[in-house]
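Written out below as structure tokens is the structure these notes cover.
Bear in mind that the values in this text are calculations on the coordinates, not laboratory data. On a predicted model such as this, the values are computed, not experimentally measured, just so you know. With ideal geometry, Cβ positions are generated from the backbone for all residues, glycine too; neighbour counts draw on all protein chains shown.
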Amino acid sequence: MKKNILLSIFLASLFVQKSFAQDSAKSQLSIVLNDYYGVKDALVNSDAVVAASKASDLLKAINAVDMSQLTEPGHKAFMALKEKLSFDSRHISESKDISHQREHFTNLSDNMIALAKKAKLSAQPVYQAYCPMKKSYWLTNETAIKNPYYGKAMLTCGEIAKTLN
């Protein structure tokens, strides 16, 4: 009887530890995704100063990811993309030129999309949107189109191409 109780407690603790590890991995990548959304939203509003600030937050989040807390597929995907994500985040954060920021956002988005295809970034839906004028994609958490490549000039230009997770 005592052995069954101890075995049950042991198994329950393993389950809880695994759940916490998965939640930690998801939350780390969710922070990266949410900071990416902050950059996107600033570009939608054509606000270069806020975009730079949000990109700085994104760069900090990328550098703060604890690789040991990620799942194996998430770890491999993030390691392959970390330098590229950091490069574009840093360039956006160092610039106050909205056109230059948007150029780096194109590459940043391509790499975030690659990450989203290999690792679960959020418990919420992540949509891949497409701008036919720019011929570029971005990630969003809403189905309403708010174009970061042209901002108010072409705010609703684009479409949701697919749901990634």
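Report the local net charge at T106: Lys and Arg +1, Asp and Glu -1, summed over other residues whose C-beta lies under 9 Å from its C-beta.
-1
Distance check, please: which entries in K82/K134; K117/K162; K54/K96; K76/K118 exceed 20 angstrom between their Cα atoms?
In this structure, K82/K134 exceed 20 Å between Cα atoms.
For a test of the definition: using alpha carbon positions, the gyration tensor, and the 1.5 limit on a/c, classify the range 49-145 as rounded, prolate or oblate.
Oblate, because a/c is 1.5 or more while a/b does not exceed b/c.
Show me the ranking of peptides 154-160, 99-105 by mean Cβ neighbours inside 10 Å, starting with the highest.
With the highest mean Cβ count within 10 Å placed first, the list reads 99-105, 154-160.
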